Amino acid sequence: MAFNAMWKPGPEAAAGMHMNGSSSQPALVIYLDPDSLAIMPPRDQDEWPAFIRLMHELRDGATDVADHLRRAIEAPEEK
């Protein structure tokens with residue numbers, strides 16, 4: 001199933017781990033101010049290695065975007 005979405009984060013946007021209910025199931029939650037997105041691991045632990053890989057790819061991708069934006073701020077394009 002394909003899913004595409006685009007949000008513009010508000011000034012209070014944040015992200016972090018959230019424990020879901022009494023099951024102590026962790027989720028990556030992105031609070032976009034005012035919307036939020038939760039990415040929860042599969043229930044089947046056999047699928048966790050692939051989910052862990054995805055979490056690492058999200059981390060690495062976020063670092064790449066942040067580094068790119070930081071470089072753009074530090075060395076604006078010559079016109």
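The values are calculated or read from the model by the stated rules, or taken from the named source; none is laboratory data. Note that the structure is predicted; figures quoted are calculated from it, not measured. For neighbour counting, all protein chains shown are included, and Cβ atoms are generated from backbone atoms with ideal geometry for every residue, glycine included. Protein only, heavy atoms only, side chains kept; ligands, DNA and RNA dropped before computing areas. Shrake-Rupley method; radii C 1.70, N 1.55, O 1.52, S 1.80 Å.
Quick notes on this structure:
- Over the chain: helical MRE at 222 nm, DSSP H runs n ≥ 4 each giving -39500 (n - 2.57), nearest 500: -12000 deg cm²/dmol
- List His18, His68, ordered by accessible area with a 1.4 Å probe, largest first: His68, His18
- For the chain, the share of alpha carbon pairs falling in successive 10 Å distance bins from zero is 14, 37, 32, 12, 4, 1 percent.
- Sparse packing (at most 15 other Cβ atoms within 10 Å of the Cβ) combined with a DSSP loop state is found for the following GluC sites (Glu not before Pro) in the stretch 11-61: Glu12.
- Accessible heavy-atom area order of Ile73, Ile30, highest first, probe of 1.4 Å: Ile73, Ile30
- Helix 48-74 vs. the chain, principal-axis angle (Cα, 0 to 90°, nearest 10): 20 degrees
- Candidate residues Val29, Val65: accessible-area rank, largest first, probe 1.4 Å: Val65, Val29
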